[in-house]
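Undergrad: Structure in structure tokens, see below.
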Amino acid sequence: SAVISQKPSRDICQRGTSLTIQCQVDSQVTMMFWYRQQPGQSLTLIATANQGSEATYESGFVIDKFPISRPNLTFSTLTVSNMSPEDSSIYLCSARQGSQETQYFGPGTRLLVL
Amino acid sequence: QKEVEQDPGPLSVPEGAIVSLNCTYSNSAFQYFMWYRQYSRKGPELLMYTYSSGNKEDGRFTAQVDKSSKYISLFIRDSQPSDSATYLCAMIRAGSYQLTFGKGTKLSVIP
């Protein structure tokens, strides 16, 4: 299984600022994803990070708010832009290897916006 | 009705008990079923993965899928305090990459 790391592990930010979260996988993977996990809620898929092209966003999430990059097969970033307290959440990176349906998750980034 | 329903608990059991965790779902297109374990302040860890109906056993853990009832279960035998975590069910349609998660059940195993 892939081992996934994320930076930073947590941060406290002021409203109106932006934060970029990095996700690194220890092996090449076919697909990478970004999720949000809010207290008491299911994990919600934000977008699929596509290598070398624009990410595919789920309903309710837009590129201007959550720009994503994936320059190669092992690395991706998610930026949370113009943050508000409603963006306080855990952001998780995940990856899928080959044609397997399973996904492996990183440890998450805990974000608090004041 | 949500696509996946999972009782959030919390569920508290004594050490050594058999634990039963369950999810129901509404979409018959789901073909692959997973259980993740999430410790506090950690990411979800894949615990069990099953395809279609039937049982799968791995050590103290047994995953069960009943597609006719749209019901999946995770059984933990001889539960340990180290099993204390939130357990998330997840499922996926054939040919899709999108996981649909339950809200998770918080389990505490008391020594």
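Laboratory data are not the source of any read-out in this text; all were calculated from the coordinates shown. Keep in mind the model is a prediction, meaning the values are calculated, not measured. Ideal geometry is used to build each Cβ from the backbone, glycine not excepted, and the neighbour counts take in all protein chains shown.
Undergrad: Under 17 Å Cα to Cα from B:Lys70, which aspartates and glutamates show up? Leave out anything in the same chain fewer than 8 places away.
TA: B:Glu3, B:Glu5, B:Asp7
Undergrad: I'd like the antiparallel share, as a percent to the nearest 5, of DSSP beta bridges with both residues in chain B.
TA: 90 percent
Undergrad: Grab the other residues whose beta carbon is less than 12 angstrom from that of A:Leu43, score K and R as +1, D and E as -1, and report the net.
TA: Net charge in that neighbourhood comes out at +1.
Undergrad: Further question on the same structure: Based on the mean of other beta carbon atoms within 10 Å per residue, what is the order of A:12-21, B:73-82, B:17-26, A:85-94, most packed first?
TA: My ranking of the peptides, most packed first, is A:85-94, B:17-26, B:73-82, A:12-21.
Undergrad: Taking the DSSP beta bridges in the protein assembly as shown as the whole, what percent of them are antiparallel, to the nearest 5?
TA: Taking every DSSP beta bridge within the protein assembly as shown, about 90 percent pair in antiparallel fashion.
Undergrad: Okay, next question. Quantify how strongly other chains surround peptide A:43-49 by giving the mean number of their Cβ atoms within 10 Å of each of its Cβ atoms.
TA: Taking all residues of A:43-49 together, the mean is 3.
Undergrad: Determine the principal axes of the Cα atoms in chain A, then give the extent along each, sorted from largest to smallest and rounded to whole angstroms.
TA: Principal-axis extents of the Cα atoms in chain A, largest first: 40, 26, 23 Å.
Undergrad: Longer than 18 Å from Cα to Cα, which of B:Lys67/B:Lys106; B:Lys2/B:Lys42; B:Lys2/B:Lys103; A:Lys7/B:Lys103 are they? Say none if no pair is.
TA: B:Lys67/B:Lys106; B:Lys2/B:Lys42; A:Lys7/B:Lys103
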